[in-house]
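Structure, as structure tokens:
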Amino acid sequence: MNLNVIANEIRRHQKSAVEMDKITTRYPSITIEDAYKIQEMNTEKELDDGDQFVGWKMGLTSLAKQQSVGVNQPIYGRLLKSMEMSNEELYLQGLIHPRVEPEFAFLMNKKLAGNHVTEQDVWEATEGIMPAIEVIDSRYKDFSFNLVDVVADNASSAQFFLLKQIYAPNKFQWEKAMVRMKLNGRVVQEGKGSAVLGNPVRSVVELVKMLHSSGLSIEPGMIVLTGGITEAIHVSSRDSIEVEFDQLGQIHLTVQS
Ligand code: OOG
Ligand code: MG
């Protein structure tokens, strides 16, 4: 089993927007460490091609998300500059079967590393928090995967949008934030900040610990998407998605073919 061969195969599907079979079916002995290695190798290739590493995303940090995909532990992925949407228009071109989900994004202003990081450490290293939407797009058929598959596919990362409004971490009780997602005017998902490991700050704590075991860390200036607050919803051409983040603002995405 050659990890570079598997990484290249996944990367081809990420670029061509053609779905693929799970890697765990063909390589049953592949480990979670291998999967993170594949993720890193593919990120390195994008950086060699001129992209920029802007931060991390946590995934499967809420029960709603874990249950919807049948994987019961958090994962992380790598965010690149090219994934950030510059406006509230989502283009389906280049995507397979995208889903969108509401999240909070932390902007960090200090390095965070180690196995003993606390919530207090994270608050002190947080410049601010932004309401966000993540667009995920698993490259696997039917959005169906195991833990190892999804990690190798960079935790289904595709795109993300950050509201241009950043709140000081102590401005709000993030676990109490009510989030409502409407599809074409109808409420389809509702959740609360506490859905994310009790408080989104804990997602960042968890990330630092997970990174530590691979000798990695959060660097100043990076953003962290803390994970879907509700289940993700599938979108199609001409859909309108409005996400209201309590009194923090709203994001209105329109989907274009
Ligand atoms: C995996 C990515 C999960 C989240 O916020 O929970 C994720 C997936 O559901 O495809 O981004
Ligand atoms: Mg997500």
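Observations on the structure shown:
- So THR61, is it modelled with pLDDT of 95 or more and assigned to a loop (DSSP other than H, G, I, E, B): yes
- Residue list for the stretch 42-64, filter: charged (D, E, K, R) and under 22 Å from GLU103 (Cα atoms): LYS57
- Annotation for the stretch 151-170: at least one member residue is aliphatic (A, V, I, L, M), touching a Gly at 6+ places or on another chain (Cβ under 7 Å) and buried (at least 21 other Cβ atoms within 10 Å of the Cβ).
- Pairing residues of the stretch 36-60 that are within 10 Å of ALA152 (Cβ to Cβ) with residues that are away from ligand 1 (no atom under 16 Å from the Cβ) and charged (D, E, K, R), at Cβ distances under 6 Å and at least 6 apart in sequence or on separate chains, gives ASN42/ARG11.
- Flag for ILE96 being under 30 Å from MET1 (Cα atoms) and either within 16 Å of ligand 1 (Cβ to nearest atom) or hydroxyl-bearing (Ser, Thr, Tyr) (or both): yes
- Any chance ARG186 is over 29 Å from GLN52 (Cα atoms) and among the basic types (Lys, Arg): yes
One line per residue, one yes/no per condition, for (1) crowded, with 19+ Cβ neighbours inside 10 Å; (2) over 18 Å from the mean Cα position of the chain (by Cα); (3) not in a loop (DSSP other than H, G, I, E, B):
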position: VAL5; (1), (2), (3): no, yes, yes
position: GLU9; (1), (2), (3): no, yes, yes
position: THR25; (1), (2), (3): no, yes, yes
position: VAL54; (1), (2), (3): no, no, yes
position: SER86; (1), (2), (3): no, no, no
position: GLN93; (1), (2), (3): no, yes, no
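- TYR140 vs. criteria among the aromatic types (Phe, Trp, Tyr) and closer than 25 Å to VAL69 by Cα: yes
- Residue in the stretch 64-84 that is nearest to ligand 2 (Cβ to nearest atom), counting only those that are among the basic types (Lys, Arg) and in a helix (DSSP H, G or I): LYS65
- PHE106 being within 18 Å of the chain's Cα centre (by Cα), crowded, with 23+ Cβ neighbours inside 10 Å and not aliphatic (A, V, I, L, M): yes
The values are calculated or read from the model by the stated rules, or taken from the named source; none is laboratory data. For clarity, every value in this text was computed on a predicted model and none was experimentally measured. Neighbour counts run over all protein chains shown; Cβ positions are idealised from the backbone, glycine included.
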